[in-house]
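For reference, the structure discussed in these notes is given below.
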Amino acid sequence: AKAMGHGSLRFFSPEMSRRAKERLALEADLRGALERGEFSLSYQPQVDLRSSELVGLEALIRWTHPVRGNVPPSVFIPLAEECGLIVELGDWILQTACRQIRRWTDAGLAPRHTAVNISAVQLSRGRLLDSVTSTLEKTGVAPEQLELEITESFVMLERELSFQSLADLRALGVSLSIDDFGTGYSSLSYLQQLKVHKLKIDMSFVRDMMKNSSNAGIVKAVIALGKSLGLEVIAEGVEDSDQAHYLRDLGCDVMQGYLVSKPLPDDEISKFLADFSKRKPI
Ligand code: C2E
Ligand code: CA
Ligand code: CA
Ligand code: CA
């Protein structure tokens with residue numbers, strides 16, 4: 001009883017209630033943010049480690065709050081997932097990205113693919129296939145131009161459901177990438193059955209791999225695994241050329257990170273796409 005007393009005291013501490021209020025306020029703002037047009041997408045380049053060719057982009061959402069300024073997605077995406085808003089928001093992300101892909105295609109600037117992050121909640125609603133199909137139709141984007149990034153943890157949690165949804169999306173011609181690979185707990189046979197196209201090495205392993213031999217071990221293992229399953233391997237969070245060369249020597253295919261570019265808003269990334277061919281190789 002004493003322990004519980006302590007627990008409830010802590011629960012009602014001013015700090016906790018301040019955080020709870022803050023959270024509620026943010027959630028309330030989040031509900032209206034879509035209508036008020038406060039969201040936008042930025043895009044980050046993905047570059048082939050051998051040819052230095054730009055092969056793709058990843059779309060990343062940005063929320064410019066009228067008072068708080070830029071609220072990071074690591075803060076509001078989990079909130080949107082908990083209150084169910086992620087379904088509507090996810091549809092907006094998909095539509096916005098596909099409209100942009102269409103504009104790039106018309107301008108002759110489209111990269112091979114553009115990746116969109118998909119929340120586990122979107123996948124579990126079973127609506128994702130419909131949403132992707134109708135968005136591709138409406139925008140006239142080819143399925144091959146779209147890639148979906150899903151996280152490993154979800155795929156491993158809801159096997160039956162995600163297996164079917166992913167098989168349907170794959171059949172449509174959309175490519176699939178497992179995000180944050182190495183942070184979850186995958187079964188290797190399951191990974192093989194899923195028939196995803198890419199593994200994306202989490203940046204927490206890339207960050208310290210030059211100094212930390214256990215992180216380097218994970219990076220090597222993921223690259224070897226990807227190769228043996230015939231998957232493309234992409235490393236995220238690549239910030240310097242030592243990391244890029246190291247990854248290339250290990251056989252990693254593609255890199256993404258500040259070394260090439262930060263995520264850029266659509267006008268700037270369009271300029272980047274136009275200029276990229278004139279760049280020197282890394
Ligand atoms: P993520 O999908 O793993 O995205 C990678 C994050 O790393 C992005 O943060 C990106 O800006 C950042 N990053 C890229 N290169 C570097 C680098 O070289 N160094 C460092 N330190 N960071 C780098 P961001 O944009 O803040 O997104 C954070 C997370 O929020 C994403 O992680 C993803 O889980 C989620 N998220 C972002 N946009 C969306 C979206 O449109 N839909 C969904 N469902 N989730 C999203
Ligand atoms: Ca991602
Ligand atoms: Ca990631
Ligand atoms: Ca991540």
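As an exercise, use a Förster radius of 51 Å and the Cβ-Cβ distance of MET203 and ASP106 to find the FRET efficiency, rounded to the nearest 0.05. After rounding, the FRET efficiency stands at 0.95.
Between SER51 and GLU137, full extension at 0.36 nm per residue minus the direct alpha carbon distance yields a gain of 27.7 nm.
With a simple spin-label model that places each label point 7 Å from the Cα along the Cα-to-Cβ direction, the separation between HIS245 and GLU88 comes to 5.2 nm.
Helix 213-228 and the longest principal axis of the Cα set of the chain meet at an angle near 60°. Shape analysis of region 66-152 based on the Cα gyration tensor places the equivalent ellipsoid semi-axes at 24, 17, 11 Å, largest first. Counting only alpha carbon atoms, the long axis of helix 128-139 and the longest principal axis of the chain meet at about 60°. Ranked by the mean number of other Cβ atoms within 10 Å per residue, highest first, peptides 198-207, 62-71, 91-100 order as 198-207, 91-100, 62-71. What's log10 of I(q)/I(0) for region 52-200 at q = 0.10 Å⁻¹, Debye sum over Cα points only, no solvent? Each listed q corresponds, in turn, to -0.35.
For the chain, the C-alpha radius of gyration sits at 1.07 times the compact-globule guess of 2.2 N^0.38 Å, with N the residue count. Calculate the dipole size of the chain relative to its Cα centre from +1 charges on Lys and Arg beta carbons and -1 charges on Asp and Glu beta carbons; express the result in debye to the nearest 20. Roughly 380 debye for the chain. Considering only GLY56, GLY37, GLY140, the mean-square fluctuation computed in a Gaussian network model of the chain, springs between alpha carbons under 10 angstrom, is largest for GLY37. For HIS65, the residues whose amide H sits under 5 Å from its own are ASN70, VAL71, ignoring neighbours fewer than 5 places away on the same chain, with H placed 1.01 Å from N. Share of carbon and sulfur in the accessible area of the chain stands at 54%, probe radius 1.4 Å.
Cα convex hull, region 140-272: 119 Å³ per residue, rounded to a whole number. Full extension of the chain segment joining MET210 with TYR190 gains 4.2 nm, where the gain is 0.36 nm per residue of separation less the Cα-Cα distance. Computed from the Cβ-Cβ distance with R0 of 51 Å, the FRET efficiency linking ARG36 to LEU259 stands at 0.90.
Overall shape of region 214-260 was characterised from the C-alpha gyration tensor. The equivalent ellipsoid obtained from it has semi-axes of 18, 12, 8 Å, in decreasing order.
The values are calculated or read from the model by the stated rules, or taken from the named source; none is laboratory data. Here the structure is a predicted model, which is why all the values come from computation and not from measurement. Backbone-built Cβ (ideal geometry, glycine too); neighbour counts: all protein chains shown. Side chains included, ligands, DNA and RNA excluded: accessible areas come from the protein's heavy atoms. Shrake-Rupley method; radii C 1.70, N 1.55, O 1.52, S 1.80 Å.
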